[in-house]
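Here's the structure we're looking at; comments come further down.
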Amino acid sequence: MNTNQSYRLIALDLDGTLLNSEGTVSNENKTAIQKAAQQGVSFAIATGRPYCGLPLTVTKELDIRYAITTNGAGIYTIPDKNCLAEHCMPANLVIDILKKLLKLEIHMDLFIHGNAYTPAQCRKTLDKITVLPKSLKKYIYSTREVLPDPLSFLLEGQLPVQKLTLNFMTNPDGTYKDRERAIQVLSQYPEISYLTGGYGNLEFTLAGITKTKGLSLLCQHLNIPMEETIACGDSENDLDIIKAAGLGIAMANAPEAIRCQADAVTLSNDAHGVAVMLKRYLGIG
């Protein structure tokens, strides 16, 4: 970490980072981002969400023009949804995995070309998942198209999939129902990589696809060295980009395993941690 480095590109995770527990961006964070942008700093969202899950009203207000979505599987300019790069799992691979996962009592989302879909049989499961904040459930309900037959949907269109997210109900002892069984399924496929994005979920993409890969591609597009970037996040799906960026910042609400591998830790997402980070490392007044 070089605190004297000049930083030109800031990659911000959404849930648990830029967004607070209510699912909104605080005025403190907005003001700090606007001041940094006035100094010529570029910003990108780096999220596990698909393009359709981006808070475009906020990104427009803050003049954020780039988004690394679905853990790096889709990189876009915003708000025009111009796809700079996409790395997807082929339809036949996803169909084979889904045949096994759909036997479990889980909630599932499929992200395809920036859009989000939920199998109809999984919809009721979301009601039973108590670990997700109300704001996140509201976001999921409002952005997903329900698929009565996801296997036929993928097969007929031979649709490539950017990412799948699995969410689990909790058992009385606090463990996650069917999570270990889902891991057993995913472990059978070396073509994919999986991790958690928070709240005990599992997210999987094509093997080797990460937020770091997305950041690297965006840096090439903008002609900005990786050393001149900051990445800020709170979950396992942020760890690689936190370690790869010129300066990696973990939120105070991140698990200890994430915080201890970051260059520094800022305040929590409910304490305007992004603003605090920008003021400290960019000299924002």
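The values are calculated or read from the model by the stated rules, or taken from the named source; none is laboratory data. None of the values given here were measured: they were computed from a predicted structure. Here the Cβ is made from the backbone with ideal geometry for all residues, glycine too, and neighbour counts use every protein chain on show. Keep in mind that these areas ignore ligands, DNA and RNA; they rest on the heavy atoms of the full protein, side chains included. Shrake-Rupley method; radii C 1.70, N 1.55, O 1.52, S 1.80 Å.
Taking K and R as +1 and D and E as -1, what net charge do the other residues with C-beta under 15 Å from the C-beta of residue 118 add up to? Please list the in-between numbers first.
Numbers: positive: 49, 123, 124, 128, 137, 138, 144, 163; negative: 105, 109, 127, 145, 149, 203.
Its environment carries a net charge of +2.
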> Zone of residue 102 (label point 7 Å along Cα→Cβ, backbone N under 11 Å): which residues in segment 113-148?
Replying inline: 119-122, 147-148
> Which order do 88, 122 take when ranked by solvent-accessible area (1.4 Å probe, heavy atoms of all protein chains), largest first?
Replying inline: 88, 122
>> If R₀ is 51 angstrom, what is the calculated FRET efficiency for the pair residue 171 and residue 207, using the beta carbon separation as r and rounding to 0.05?
In response: 0.95
>> 5 Å is the cut-off here: which amide hydrogens, built 1.01 Å from N in the peptide plane, fall below it relative to residue 10, excluding neighbours closer than 5 in sequence?
In response: 42, 43, 44, 230
>> Relative contact order for segment 141-262: what percent, with Cα pairs under 8 Å and sequence separation of 6 or more?
In response: 17
> Given the Cα-Cα distance of residue 181 and residue 127 and 0.36 nm per residue of separation, how much length would full extension add, in nm?
Replying inline: 17.4 nm
> Cβ under 14 Å from residue 232's Cβ, residue 232 left aside: what net charge do those residues give with Lys, Arg +1 and Asp, Glu -1?
Replying inline: -1
> Using a 1.4 angstrom probe and counting only protein chains, how large is the accessible area of residue 25 in Å², to 10?
Replying inline: 20
> Which residues does a label at residue 27 reach in segment 243-285, if reach means a backbone N under 18 Å from a point 7 Å past the Cα toward the Cβ?
Replying inline: 270-276, 285
> Can you give the accessible area of residue 131, probe radius 1.4 Å, in Å² rounded to 10?
Replying inline: 50
>> Angle check, please: helix 273-282 long axis (alpha carbons) against the longest principal axis of the chain (alpha carbons), in degrees 0 to 90, nearest 10.
In response: 40
> Based solely on its DSSP helices, what 222 nm [θ] is calculated for the chain when runs of n ≥ 4 H residues each add -39,500 (n - 2.57) and the sum is averaged over all residues, nearest 500 deg cm²/dmol?
Replying inline: -9500 deg cm²/dmol
>> Between segment 185-204 and segment 15-56, how far is it from one alpha carbon centroid to the other, in angstrom?
In response: 26
> Where both residues lie in the chain, what percent of DSSP beta bridges are antiparallel, nearest 5?
Replying inline: 55
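With the contact rule set at Cα under 8 Å and sequence spacing of 6 or more, what percent relative contact order holds for segment 228-280?
Answer for segment 228-280 is 29 percent.
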> Once you put a point 7 Å from the Cα of residue 267 and another 7 Å from the Cα of residue 63, both along the Cβ direction, what distance in nm separates them?
Replying inline: 2.6
>> Less than 11 Å Cβ to Cβ from residue 87, Lys/Arg counted +1 and Asp/Glu -1: what total charge do the surrounding residues give?
In response: +1
> Heavy-atom accessible area of residue 57 with all protein chains present, probe 1.4 Å, nearest 10 Å²?
Replying inline: 120
>> Explain nothing, just the number: relative contact order of the chain, from Cα pairs under 8 Å at least 6 residues apart, as a whole percent.
In response: 23
>> At a 10 angstrom cut-off on C-beta neighbours, averaged per residue, how do the peptides 14-23, 74-83, 232-241 rank from highest to lowest?
In response: 232-241, 14-23, 74-83
> In the chain, what percent of the accessible surface is made up of carbon and sulfur (1.4 Å probe, ligands and nucleic acids excluded)?
Replying inline: 49
